[in-house]
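Below you'll find the structure, written out as structure tokens, and then a few comments.
The values are calculated or read from the model by the stated rules, or taken from the named source; none is laboratory data. Keep in mind that what you see is a predicted model, and the values were worked out from it rather than measured. When we count neighbours, we look across all protein chains shown, and the Cβ atoms used for this are built from the backbone with ideal geometry, even at glycine.
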Amino acid sequence: MPGADARVIGIASARNDSWGYRGCMTDATDLIELEHQRGANNYHPLPVVVDHAEGAWVTDVAGRRYLDFLSAYSALNFGHRHPRLVAAAHAQLDKVTLTSRAIHSALLGPFCEELADLLDQDRVLPMNSGAEAVETAIKTARAWGYRVKGVPPDQAVIVVAHNNFHGRTTTIVSFSDDPDARGDFGPFTPGFVSVDHGDVAALQAALADPNVVAFLVEPVQGEAGIIVPPPGYLAAAAHMCREADVLFVADEIQSGLARTGTTLAVDHAGVRPDMVLLGKALGGGIVPISVVASRADVLGVLQPGQHGSTFGGNPLALAVAREVIALLRTGEFQERSTRLGQHMLTRLNAESPSIVREVRGLGLWAGVEVVPEAAPVRPAALRALAEGVIVKDTHATTLRLAPPLMIEQADLDHGIDVVLSALAASAP
């Protein structure tokens, strides 16, 4: 039960037999228990129930404020309810929200052009979730392999990295190392080969297979614990892919859109991918939208009827995403991520307690890994929550920190203080 964290002791008794709970419940314990009983238990959330939010702060149903150091896994790079993004959504709500792709909308062409220009790509295909973008990239890479590179039918291979996280669809978990993601969900999709993230020699060996059509990689592995590759790795990988006539596909769904201090994480390496995958922050924390952005000859392999989505590229999402692009064009958020990220990483490296094995990060994004004896780190996340800071654990040994990029330095320092105190209290 989630009550191990929430200390759930019961549920409200006022029920409507046909419709469940009536009215608006305001007790966090009851709401958590209701979610546990009537929803699918596919997450293990922290025991806080948010009612409203603004900027870097959320407020729970009891009126207590919490500093958000998670940013919905980087979906909230611009903070909660950024006024320009909310205004864009409100304006579009009064016009049109959905057309499907059966007809044209006035926003799709301008959106594609603006995002392609921002990313130095040629074409853009919008979808909804990050996993959809990854699935789209897989299909596109395979089609490109057969129709352009000349790979024999049904023999295409995509190289991926160990400890990756690209989503949870059946095909994507087929190349995951996570037993929770894979258990009892087979049979799995063939056509993937895994190599160690950051290992140039292993990638070179895998690319020797003439049937390889793409290398799909997170420039910084997020779910694995904010794993930054060795210097020169991404540039070498991109070069080797070009030499082998293989598409270099950068999954920037978590790392992109200023999170690491540049528009894309690959910008640190001076790399222009053949395909870029975006999601999360592109929707401004308001609506889901994801994209594949690519060269014209790559996305150009898709023909009508071969791929699509009813909600993909809907006008409401495009209106918000266009305002996100406008925010990124100013460079403000890239600069803030760089400056505040350097401050955060400096403090974490200098002040972390002895149980911390390693601090990793890039921009305003960090993973704080503890020694095995101090794992799991969820109790530290719960201690931080009790002190009003939301931070989440990953893989038992690492706290991941991803404050909104608009956070004020005083708030950032407060959050760091709380996280360091929570870690110190977790010493065995």
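The table below lists the values:
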item: Subset of segment 307-362 [touching a Leu at 6+ places or on another chain (Cβ under 6 Å), buried (at least 18 other Cβ atoms within 10 Å of the Cβ) and under 21 Å from residue 409 (Cβ atoms)]; result: 333, 336, 337, 340, 341, 359, 361
item: So residue 73, is it exposed (fewer than 13 other Cβ atoms within 10 Å of the Cβ) and within 21 Å of residue 393 (Cβ to Cβ); result: no
item: Residue within segment 306-326 that is outside any loop (DSSP other than H, G, I, E, B), of a type in the set (Lys, Arg) and over 23 Å from residue 138 (Cα atoms) present; result: yes
item: Test for residue 276: is it farther than 23 Å from residue 410 by Cβ, outside any strand (DSSP E or B) and touching a strand residue (DSSP E or B) at 6+ places or on another chain (Cβ under 7 Å); result: no
item: Members of segment 280-305 that are at positive phi, assigned to a loop (DSSP other than H, G, I, E, B) and either under 16 Å from the mean Cα position of the chain (by Cα) or among the polar types (S, T, N, Q) (or both); result: 284, 285
item: All positions within segment 80-116 that are in contact with a helix residue (DSSP H, G or I) (Cβ under 9 Å, 6 or more places away or on another chain), farther than 30 Å from residue 67 by Cβ and among the charged types (D, E, K, R); result: 95, 101, 114
item: Qualifying residue in segment 169-184 (condition: over 28 Å from residue 396 (Cβ atoms) and either over 21 Å from the mean Cα position of the chain (by Cα) or not hydrophobic (A, V, I, L, M, F, W, C) (or both)); result: no
item: Positions within segment 53-94 being over 23 Å from the mean Cα position of the chain (by Cα), within 19 Å of residue 323 (Cα to Cα) and hydrophobic (A, V, I, L, M, F, W, C), in sequence order; result: 87, 91, 93
item: Members of segment 363-389 that are in a loop (DSSP other than H, G, I, E, B), buried (at least 18 other Cβ atoms within 10 Å of the Cβ) and not β-branched (Val, Ile, Thr); result: 363, 364, 365, 375
item: Counted residues, segment 303-325 - those being without any contact (Cβ under 8 Å) to a residue 12 or more places away in the chain and either among the small types (Gly, Ala, Ser) or in contact with a Gly (Cβ under 8 Å, 6 or more places away or on another chain) (or both); result: 1
item: 2 or more residues touching a Ser or Thr at 6+ places or on another chain (Cβ under 7 Å): qualifying strands (runs of 3 or more DSSP E) within segment 25-76; result: 50-54
item: Among residues of segment 5-52, those that are over 27 Å from the mean Cα position of the chain (by Cα) and modelled with pLDDT under 55, counted; result: 17
item: Residue in segment 209-229 that is farther than 30 Å from residue 147 by Cα, in contact with a strand residue (DSSP E or B) (Cβ under 6 Å, 6 or more places away or on another chain), polar (S, T, N, Q) and at pLDDT 95 or above present; result: yes
item: Number of positions in segment 226-262 that are surrounded by fewer than 21 Cβ atoms within 10 Å (Cβ to Cβ) and touching a Gly at 6+ places or on another chain (Cβ under 6 Å); result: 2
item: Cβ pairs under 7 Å, 6+ apart, first in segment 67-83 and on the phi < 0 side of the Ramachandran plot, second in a loop (DSSP other than H, G, I, E, B) and β-branched (Val, Ile, Thr); result: 69/391; 70/391
